[in-house]
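Each remark here refers to the structure printed beneath this line.
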Amino acid sequence: MNQYQVPVVWSPTTREHDPLHEVWVGVATIGTEVAARVDAILSAVTGSGFRQVEATPHADDVLARVHDPALLTFLSGAAERWRQGPYADLVGQTRVVSYLFPTPAMTAGLPTRPAVAIHAEAGTYAYDTMTVVGPGTWAAARAAVDCALTAADLVLAEERLAYALCRPPGHHATPAGFGGSCYLNNAAVAAQALRDGGHDRVAVIDIDAHQGNGTAAIFYDRADVLYGSVHVDPGAGWFPHVVGYADETGTGDGAGATRNAPLPEGAADGPWLEAVGGLADWAVAEGCTALVVSLGVDAAVDDPESPLLVTVDGYRAAGALLGATGLPAVAVQEGGYHLPSLGGLVAAYLEGHSGLVPRA
Ligand SMILES: [Zn+2]
């Protein structure tokens, strides 16, 4: 019987991000990406198969290799700038939310200047209204990056699997943008750290219910980091809506290094696992020597954020498929919002990946 203990890297600081609400279709709705997710997961990854490791602080160098410095500057200062503005007194808004998005449809080729007011400048970086910035957002997002980097350190030191309990999630954060409840791209940071640590080719396999458009964008023109994703078809009306289609395969040096496997609404374990297995085989065939798993568990049947119907046994089997690659791996937490089942899904995946015997 395998007694491997999966390191669970976490940070109490990741609880400090409190979105209060998301602005969805113009209405403030209760957010689902809540701090309680951290504790729901922590309480499930206990016992002899796991050991908790607190994340250690890391410098910004790897982070700055996957994100535009302007995004980091904006995010780190946004909450304080907002607090100094009139928004709380004027409209009761304590979170940074843009009211303007300078898309190409607005600027239409005109020369543009940076917006001075933060309620407009935020739209330069935010690409939706549901990903709000509050007083603890930067600290939590930065702590999540430290979780990813600490997990990558462990794998570079010959741990075969390390789990980073990142919150807020990251795979929708693009080189210079945030959205989809994501601010900093933890999985991309982990992949870059594995590259910098000596792995010539790294695969990011994303099993969250939604395509990780941020990770895809960061590596779209690079040959050294593959990005493969199985997700609900954006063409059926799901986030990220405008990207995540099967014919997006990379560009330039990265031609052929991106693979999207969109699934129809209602897809369950069979087609989902077939896609996961295909991505695992692809990573091995392409000569990758390390793996980052974007471990979203919102493809599960009870999750409110997606129409996929994957079971807990499906997540365990996905872990076994990716574990069977034999590649050293960092599993990074992405989505998963059904608090009663969230932790069990994560534990099942990690048990499957590490070869642990499932607990009764
Ligand atoms: Zn998701």
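A few remarks follow.
- Residue in the range 147-158 that is outside any helix (DSSP H, G or I) and either β-branched (Val, Ile, Thr) or within 16 Å of the ligand (Cβ to nearest atom) (or both) present: no
- From Gly228, Gly256, Gly212, Gly270, residue being out of contact with any Asp or Glu (no Cβ under 8 Å at 6 or more places or on another chain) and within 23 Å of Pro307 (Cα to Cα): Gly270
- Test: residue in the range 219-226 that is on the phi < 0 side of the Ramachandran plot, within 14 Å of the ligand (Cβ to nearest atom) and in a strand (DSSP E or B): no
- Matching entry among Gly180, Gly170, Gly212 (being within 15 Å of the ligand (Cβ to nearest atom), on the phi > 0 side of the Ramachandran plot and surrounded by 24 or more Cβ atoms within 10 Å (Cβ to Cβ)): Gly180
- Hey, Leu194 in contact (Cβ under 8 Å) with a residue 60 or more places away in the chain, assigned to a helix (DSSP H, G or I) and more than 12 Å from the ligand (Cβ to nearest atom) or not: yes
- Residues that are over 19 Å from the mean Cα position of the chain (by Cα) and free of Cβ contacts under 8 Å to residues at least 40 places away in the same chain within the range 30-52 comprise Ile30, Thr46, listed in sequence order.
Every number in this text was worked out from the coordinates using simple rules, so none of it is lab data. Because the structure is a prediction, the values reported are computed rather than measured. Heads up, the Cβs are rebuilt from the backbone with ideal geometry, glycines too, and the neighbour counts pull from every protein chain shown.
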